[in-house]
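The values are calculated or read from the model by the stated rules, or taken from the named source; none is laboratory data. All values derive from a computational prediction rather than experimental measurement. Backbone-built Cβ (ideal geometry, glycine too); neighbour counts: all protein chains shown. Heavy atoms of the whole protein, side chains included, go into the accessibility calculation; ligands, DNA and RNA do not. Shrake-Rupley method; radii C 1.70, N 1.55, O 1.52, S 1.80 Å.
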Amino acid sequence: MGNGKKGKIIMFPQTKERLIEEAFAALEAKQYKEALRFLRAAEQLGEGSFPIRLGLAVCCYELGEYDEAQWRLAALLNEQPNNSELLQMYVALLLQTNRYREAETLIRSALRRQTLPVSLREQLRQLLRFSEKMNARPLPPAERKRVKRLLESEDIAEHMQLIKQLEKEDIAPVLSLLKQYLSEPKKSPMAKTMLLRLLTVKQIDEAVTVEKFGRLIDVVPSALNEQAETEFASTLLRLLEQRLTAESPSLYETASEIWLRYAYILYPFPPEPADADLWLAALHWMASRFQGMDADMDTLAARYGVAAAEMAKLCKKLHEIEKLSYL
């Protein structure tokens, strides 16, 4: 079974033990694809021991599946912070994917530990010097040019693609350009949300100014707590479900989509006013219109106990954002 033939894994009695045996044989022979198949199958059968999860991380790393390798290694390191083999592998992964800043942070915190073997300490020091040097290097001109496209082009789809690509890169060298993007009034609020979330994931701890709809806000991305920032939006989503699902599940679906897009485009600004009934009435009206039903604003306003004129203002806001989100 372990001779490199592709195909389904046939389940025998004592399958789990057998799979593990096959997996480690393949690992030893450096047949990582094969090993990964067996290990995944063992994991699906509920095998979650440390060696199995380590094997999975090693295979992902060797096969270039760096995102999965990273979260697996991070979880393992969390359980065994003094495991020097894991530490070396994690640092290697960060360097391999050009995340020099993260590597630097990780190595520094490891060097503060007393328990490191001397040989590893020396090796980490060398890697630290290398990371520092890479961090200080200017960004390759091609890279800088690519990020400048963000500021120059009008194509929002291109902006989103560029921001997505930056997830895998060290953004420190282009941070000033990215900050400029966030503060420029002409740039897409949707792409700004994407960019801000990227800065949060990258744990950027310097203040940035975000401009949206003529309003400015200063935030420190690493300190943004998306759950707290979007608390009103989440509460409203629950209320929409309670009020609209009984009436029509598809009406609820449409209203929740409109609302989620609105909250996403507005982030990190909260929706204002923080009046749930007013938003519920406006979303109910918008969703009805979207579905081609005639809804009377005054009737809905009375039903939710809100002023029709206030409700109309929110419908206008939602309508403007709807136009934006289809750019």
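Ordered by residue, what ³J(HN,Hα) values in Hz, to whole numbers, does the stretch 211-216 give under the Karplus form 6.51 cos²θ - 1.76 cosθ + 1.60, where θ = phi - 60° and Gly and Pro are x?
10, 8, 6, x, 10, 10
Only four residue types carry charge here, +1 at the Cβ of Lys and Arg and -1 at the Cβ of Asp and Glu. Report the dipole size of the chain about the Cα centre in Debye, rounded to the nearest 20.
Roughly 1220 debye, rounded to the nearest 20.
Over the chain, with every protein chain in place, what whole percent of the accessible area is carbon and sulfur at 1.4 Å, could you tell me?
53 percent
Among the lysines, which have Cα under 29 Å from the Cα of residue 148 when same-chain residues fewer than 8 positions away are ignored?
Reachable lysines: 133, 164, 168, 179, 186, 187, 192, 202, 212, 323.
Determine, from the Cβ-Cβ distance of residue 145 and residue 168 and an R0 of 25 Å, the FRET efficiency 1/(1 + (r/R0)^6), rounded to the nearest 0.05.
Using R0 = 25 Å, I get an efficiency of 0.90.
Can you return the lysines within cross-link range of residue 16? Criterion is Cα-Cα under 24 Å, with same-chain partners fewer than 8 residues away left out.
Of all the lysines, those that pass the test against residue 16 - Cα under 24 Å, at least 8 places apart if same chain - are 5, 6, 8, 30, 33.
List the longest stretch of the chain that has no exposed loop site; here a site is one of the chymotrypsin sites (Phe, Trp or Tyr not before Pro) assigned by DSSP to anything other than H, G, I, E or B, with at most 14 other Cβ within 10 Å.
In short, 1-212.
For the stretch 199-275, give the magnitude of the charge dipole about the Cα centre (Cβ charges: +1 Lys/Arg, -1 Asp/Glu; no others), in debye to the nearest 20.
Using only the charged Cβ atoms, the result is roughly 120 debye.
Mind running the shape call on the stretch 267-311? Use the C-alpha gyration tensor, a ≥ b ≥ c as the square roots of the eigenvalues: rounded below 1.5 for a/c, prolate if a/b tops b/c, oblate otherwise.
In terms of gyration-tensor shape, oblate.
Taking only protein heavy atoms and a 1.4 Å probe, what accessible area per residue, in Å², does the chain have with all protein chains in place?
54 Å²
What's the angle, to the nearest 10 degrees (0 to 90), between helix 118-136's Cα axis and the longest principal axis of the chain?
With rounding to tens, the tilt is 40 degrees.
So how far, in whole Å, is the C-alpha centre of the stretch 162-229 from the one of the stretch 244-322?
28 Å
As a test of the formula, what do you get for the chain when each DSSP H run with n ≥ 4 contributes -39,500 (n - 2.57) and the sum is divided by the residue count, at 222 nm and rounded to the nearest 500 deg cm²/dmol?
So the calculated ellipticity at 222 nm is -21500 deg cm²/dmol.
Specify which residue in the list 213, 32, 189 is farthest towards the positive end of the charge dipole of the chain, using unit charges on the beta carbon of Lys, Arg (+1) and Asp, Glu (-1), about the Cα centre.
Among 213, 32, 189, the one farthest towards the positive end of the dipole of the chain is 32.
Just to verify a number: FRET efficiency for residue 75 and residue 257, C-beta to C-beta distance, R0 = 41 Å, to 0.05?
0.75
Scanning the chain for GluC sites (Glu not before Pro) in DSSP loops with at most 11 other Cβ atoms within 10 Å, what's the longest stretch left with none?
1-153
Please give the contour-minus-distance gain from residue 98 to residue 245: 0.36 nm per residue of separation, less the Cα-Cα distance, rounded to one decimal in nm.
48.2 nm
Under 8 Å for C-alpha pairs, at least 6 residues apart: give me the relative contact order for the stretch 205-297, rounded to a whole percent.
So the answer I get is 25 percent.
Hey, what angle do you get for helix 15-28 against the long axis of the chain, alpha-carbon based, 0 to 90 degrees rounded to 10?
The two axes meet at around 70 degrees.
In degrees, nearest 10, range 0 to 90: what is the angle between the Cα axis of helix 156-166 and the longest Cα principal axis of the chain?
Value to nearest ten degrees: 30.
Full extension from residue 30 to residue 130: what is 0.36 nm times the residue separation minus their Cα-Cα distance, to one decimal in nm?
33.1 nm
What percent do you get for the relative contact order of the chain when only Cα pairs under 8 Å and 6+ apart count?
It comes to 8 percent, rounded to a whole number.
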